[in-house]
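J.: Let me begin by handing over the structure; questions about it come next.
Coordinate-derived values only; no laboratory data. The structure presented is a predicted model; accordingly, all values stated were derived computationally and were not measured. So basically every Cβ, Gly included, is an ideal-geometry build from the backbone, and we count neighbours across all protein chains shown.
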Amino acid sequence: MLWTERTLAFQVLPDLHRAVRSEGLARVVEEHLEQTKEQASRLEQVFRAVGAEPSSNLSPPVEKLAEHHDEVAEKVQEERLADVFHASAAASTEHHEIASYDALLALGATLDLGGGRGLLEQNLKEEEQALEKVEKELERLVGELSKR
C-alpha cells in the first residue's frame with residue numbers, strides 16, 4: 001500500500017492533474033494529491049510502529065489502472081469527454097484504495113498495530129471522502145455533457 005500511495009502521489013496524480021481541463025476536477029485531484037503524500041507518510045509510521053520494512057513492489061492493480069487510463073485517454077479527442085474519463089478512472093483507483101485499506105484494517109484487527117490502526121483509519125476516511133468528491137465531480141461533468 002505504501003508504494004501505491006507513493007506512486008499515486010509522485011507520478012499518477014501529478015500526471016492526472018496536468019491532463020484534466022475541468023477546474024473542479026483539477027481542484028479535487030490537487031487536494032487529493034496533497035492528502036496522498038500525507039497518507040504515504042502515515043503508512044511509513046505504521047511500518048515503523050510494527051517494526052516492519054515496506055516492500056518496494058509496485059501495486060499491479062494500480063499499475064494496470066494507470067496503464068488502462070493512459071491507453072484510453074490517448075484515444076479520447078473530445079475535451080469534455082476526456083474529463084469524464086479522467087474522473088471515472090480516479091474513482092476506480094479510489095475504490096481500489098478503499099478496498100485495500102479495508103483489508104489492511106481487517107488484518108490489523110488480528111495484529112497489534114499500536115497507533116497504526118488510527119493512521120490507517122484516517123487514510124481510509126480520506127479515501128472515502130476523495131471518492132465522494134470525485135463522484136460528485138463526475139456527476140457534474142456528465143450533467144454538463146447531457147445539456148449540450
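J.: Could you tell me the number of lysine pairs in the chain with C-alpha atoms less than 25 Å from each other, where the two lysines are 8 or more residues apart or belong to different chains?
T.: Here the count comes out as 14.
J.: Hey, another quick one. Is there a quick way to get the dipole size of segment 2-147? I mean about its Cα centre, with the Cβ of Lys and Arg at +1 and of Asp and Glu at -1; what is the value in debye to the nearest 20?
T.: That gives segment 2-147 a dipole magnitude of about 120 debye.
J.: What FRET efficiency comes out for GLU67 versus LYS147 if R0 is 25 angstrom and r is the Cβ-Cβ distance? Round to the nearest 0.05.
T.: The pair GLU67/LYS147 has a calculated efficiency of 0.15.
J.: Okay, moving on. Apply the a/c threshold of 1.5 to the C-alpha gyration tensor of the chain and tell me whether it is rounded, prolate or oblate.
T.: Here the chain falls in the prolate category.
J.: Could you work out how much longer the chain between GLN77 and ALA52 gets when fully extended? Use 0.36 nm per residue separation minus the Cα distance between them, nm to one decimal.
T.: Between GLN77 and ALA52, full extension yields 4.4 nm more.
J.: Around ASP70, under 15 Å between beta carbons, what's the net of Lys plus Arg minus Asp minus Glu among the other residues?
T.: Net charge in that neighbourhood comes out at -2.
J.: Just in segment 13-68: which trypsin sites (Lys or Arg not before Pro) are loop by DSSP and have at most 10 other Cβ atoms within 10 Å?
T.: When the trypsin sites (Lys or Arg not before Pro) of segment 13-68 are filtered for loop state and at most 10 Cβ neighbours within 10 Å, nothing remains.
J.: Helix-only mean residue ellipticity at 222 nm, the chain, DSSP H runs n ≥ 4 weighted -39,500 (n - 2.57), per residue, nearest 500. What is it?
T.: -27500 deg cm²/dmol
J.: What FRET efficiency would be calculated for the residue pair GLN45, GLN129, taking the C-beta separation as r and a Förster radius of 25 Å, to the nearest 0.05?
T.: The value I calculate is 0.80.
J.: Give me the dipole magnitude in Debye, nearest 20, for segment 84-126 about the Cα centre, with unit charges on the beta carbon: positive for Lys and Arg, negative for Asp and Glu.
T.: Dipole about the Cα centre, nearest 20: 20 debye.
J.: Which net charge results for the neighbourhood of LEU16, defined as the other residues with beta-carbon distances under 13 angstrom from its beta-carbon, given Lys and Arg at +1 and Asp and Glu at -1?
T.: It works out to a net charge of -4.
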